[in-house]
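The values are calculated or read from the model by the stated rules, or taken from the named source; none is laboratory data. Please read these numbers as outputs of a predicted model, since none were measured by experiment. Here the Cβ is made from the backbone with ideal geometry for all residues, glycine too, and neighbour counts use every protein chain on show.
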Amino acid sequence: MTLREPEHADLETPYGPMRVHVVRPAGNGKYPGVLMFSEIYQVTGPIARTAAMIAGQGFVVALPDIYHEFEAPGVALAYDKAGTERGNALKTTKELASYDADARATLGFLKDHPACTGRLGTLGICIGGHLAFRAAMNPEVEAGVCFYATDIHKRGLGKGTHDDSLDRMGDIKGEMLMIWGRQDPHVPAEGRRLVYDSMTAAGVNFTWHEFNGQHAFMRDEGHRYDPAIAHLVYGLAHDLLGRRLR
């Protein structure tokens, strides 16, 4: 599908205003909604292109600025040392409750969007994978896609670095797709095993795929990009979202 020019909305949250970037098909029909979370760098070029790929399959995609309390609306951090340090610092400066409030606000925005059917899924990359995982704990979410979700295994999200994602897996009622890179140092084999075993014990409906790829193998900038794997995992994501949300 062809797409409209990107749009945005500024939502009120308990932790201040939050910009949400919207990508959707050009047609006048109604489409399922996907809450998409970025890497620690916010909505960069590669993230915008991923959103366009998802939207082009017939979805309204909404991407919140995950660090709206600390950065001006629409700011994207650079893929360099300074940007990485800033993104990682903010990851554990922001309150866990604020991440959850952002998810609820964006899901509500999507549900009420005139181009959305009201059927909702989540998708995220890196920290966004963890945020998409937590967003799937909201009962209206029917499907979730998590690309190499960081810090679930070590409870490392939010201020205090003691999140409860491992404890709340039973709240997930939709179907989950978990994608990992075996050469990703941020989520080692023992961490992946903990997440897998915890999801199984909680009775989550999920599929699990591991590829020989490094962290950020989907990002179409930089030496870690693996286009062959990226092509495969986008297909898996489109299959799940289409099957569960249409």
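Results, tabulated for the structure shown:
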read-out	value
Positions within the stretch 17-31 being more than 15 Å from the chain's Cα centre (by Cα), crowded, with 22+ Cβ neighbours inside 10 Å and within 13 Å of residue 116 (Cα to Cα), in sequence order	24, 31
Among the residues listed as 90, 120, the single one being buried (at least 17 other Cβ atoms within 10 Å of the Cβ), closer than 30 Å to residue 3 by Cβ, aliphatic (A, V, I, L, M) and under 15 Å from the mean Cα position of the chain (by Cα)	120
Residue among 83, 56, 128 that alone is free of Cβ contacts under 8 Å to residues at least 60 places away in the same chain, surrounded by 15 or more Cβ atoms within 10 Å (Cβ to Cβ) and closer than 15 Å to residue 219 by Cβ	83
Among (1) part of a helix (DSSP H, G or I); (2) hydrophobic (A, V, I, L, M, F, W, C); (3) out of contact with any strand residue (DSSP E or B) (no Cβ under 8 Å at 6 or more places or on another chain); (4) under 27 Å from residue 203 (Cα atoms), the one test that residue 131 misses	(3)
Residue count for the stretch 107-126, restricted to those that are touching a Phe, Trp or Tyr at 6+ places or on another chain (Cβ under 7 Å) and not small (Gly, Ala, Ser)	4
Residues satisfying the stated conditions in the stretch 166-191, i.e. surrounded by 22 or more Cβ atoms within 10 Å (Cβ to Cβ) and assigned to a loop (DSSP other than H, G, I, E, B)	172, 174, 184, 187
Number of positions in the stretch 193-216 that are assigned to a loop (DSSP other than H, G, I, E, B) and within 19 Å of residue 144 (Cα to Cα)	4
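For every residue, the table says whether it meets (1) over 18 Å from residue 95 (Cβ atoms); (2) among the hydrophobic types (A, V, I, L, M, F, W, C); (3) modelled with pLDDT of 95 or more.
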residue: 160; (1), (2), (3): no, no, yes
residue: 166; (1), (2), (3): yes, yes, yes
residue: 169; (1), (2), (3): yes, yes, yes
residue: 173; (1), (2), (3): yes, no, yes
residue: 178; (1), (2), (3): yes, yes, yes
residue: 182; (1), (2), (3): yes, no, yes
